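Trainee: Dropping a structure here in structure tokens format, bear with me for questions.
The values are calculated or read from the model by the stated rules, or taken from the named source; none is laboratory data. Treat the numbers as computed from the prediction; the structure is a model and nothing was measured. When we count neighbours, we look across all protein chains shown, and the Cβ atoms used for this are built from the backbone with ideal geometry, even at glycine.
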Amino acid sequence: MALLLLLHLANALPRNALGVGLSAVHVHHGLRGEEADGDLAFVEALCERLEVPLHIQRADVRGRVAQARNAGQPETVEEASRAVRYTFFEQLIAEGRADSVLTAHTLDDQAETVLMKLLRGAWTEGLSGIYPVVLVPNATQPGKILRPLLGVHRADLIAFLESSKQGWRTDSTNADQAFTRNRIRHSVLPLLREYNPAIDQALANLAELAREDEARWQSELSRILPQLLLPGRPVRGGGRGVSTASGQPNSVAIEIDRLRALDPALRRRVVRTAARTLGVRLNFDETARLLTLAGLLTNPNNGDSSIARSGSSLHLAGQLRAQRSPREIRLFRETPLKSPKRIDSL
């Protein structure tokens, strides 16, 4: 409500400060019955009063969750709801009905996201939190998902709505502490603010630093990976045998000596990126096991200190296997995987 009202006020200035056509988007997830119907009616009435066009999408999130579970790729209700929303946003951009979609994520949302990722053991890409700008591929030119309120506290937006005498709707599930985000919002962050009243900004600063670091590493990886990742496996007489029947390489290898020449931070990223080319995300422990297999990590806590010899192998996440030869570490999938889900910030 606050984002829509702010954009509408800016567009209504004599000089049209934004200079854009403004419309609103509402997704009815089919989850909260009459409450959700009331949300839609509220948005429709507001958009009619403001003379703002409204795009409406109705979804069956529970059906999507059941279908994903039956397919062996379970999603939570929250994950499915988010996927439905962003699919619709991208559809609007792809169809030329929008150049950009703006969401009202706040500084509070950013802090909650970073803390939640931290508790789950995320790498720097996860600690990057909610990105202010996300490009959406399009046939003509990229569209954008924009988060213009990421630096604004939720309380300031509520104060703005109250001063504007603009009502809003509250999703009752936001108070349900069965959800991790709600426990962080209502229990964990209030406690942390007693130790550091600026903890929200500190976590948002961490996200910004992580995004910058991640962009730097991605640039470096793009430069060196073509020289490091070898498709398929070596064949007698020279060369490499590669099968791409599925449209993707089904195995990739890294020469151990070339991996050894890299610094530890780059080694980790190289092996994780190698797994990503096969559609698998490795966690910290799996990455450590893979580096141990290559003889490049001897941490006794990972339990695999004796496997760094030719002929050894590992079973990793997502049906990924790793095999050690005298010169290489080769990664391959035991069975084909579907394309990995797009991972994005909220």
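Trainee: Show the residue pairs that are 6+ apart or on different chains and have beta-carbon atoms under 8 Å apart, the first residue being within region 62-75 and outside any loop (DSSP other than H, G, I, E, B), the second being of a type in the set (Ser, Thr, Tyr) and surrounded by 11 or more Cβ atoms within 10 Å (Cβ to Cβ).
Mentor: Pairs found: Val65/Thr76.
Trainee: Take region 13-38 and flag every residue that is surrounded by 13 or more Cβ atoms within 10 Å (Cβ to Cβ) and either of a type in the set (S, T, N, Q) or under 15 Å from Gln166 (Cβ atoms) (or both).
Mentor: Listed by number, the residues that qualify are Ser23, Ala24.
Trainee: Yes or no: Ser100 touching an Asp or Glu at 6+ places or on another chain (Cβ under 9 Å) and of a type in the set (Ser, Thr, Tyr)?
Mentor: It is false that Ser100 is touching an Asp or Glu at 6+ places or on another chain (Cβ under 9 Å) and of a type in the set (Ser, Thr, Tyr).
Trainee: Related question: Just one of the numbered conditions (1) within 18 Å of Phe179 (Cα to Cα); (2) of a type in the set (Val, Ile, Thr); (3) touching an Asp or Glu at 6+ places or on another chain (Cβ under 7 Å) is not true of Thr113; which one?
Mentor: (3)
Trainee: Take the residues of region 181-226 that are of a type in the set (Val, Ile, Thr) and out of contact with any helix residue (DSSP H, G or I) (no Cβ under 6 Å at 6 or more places or on another chain): which is nearest to Arg267 (Cα to Cα)?
Mentor: Ile224
Trainee: Another question, if that's okay. Being part of a strand (DSSP E or B) and either hydrophobic (A, V, I, L, M, F, W, C) or at pLDDT 90 or above (or both), is that true of even one residue in region 255-262?
Mentor: Scanning region 255-262, I find at least one residue that is part of a strand (DSSP E or B) and either hydrophobic (A, V, I, L, M, F, W, C) or at pLDDT 90 or above (or both), so the answer is yes.
Trainee: Quick one: how many residues across region 79-132 are under 23 Å from Ile56 (Cα atoms) and outside any helix (DSSP H, G or I)?
Mentor: Of the residues in region 79-132, 11 are under 23 Å from Ile56 (Cα atoms) and outside any helix (DSSP H, G or I).
Trainee: Can I ask one more? Those residues that are more than 22 Å from Leu6 (Cα to Cα) and modelled with pLDDT under 95, I need them from region 94-115; list them, please.
Mentor: Ala94, Glu95, Gly96
Trainee: Are any residues in region 186-208 of a type outside the set (Gly, Ala, Ser), under 16 Å from Leu150 (Cα atoms) and in contact (Cβ under 8 Å) with a residue 40 or more places away in the chain, and if so, which ones?
Mentor: Passing the criteria: Ile199, Asp200, Gln201, Leu203, Leu206.
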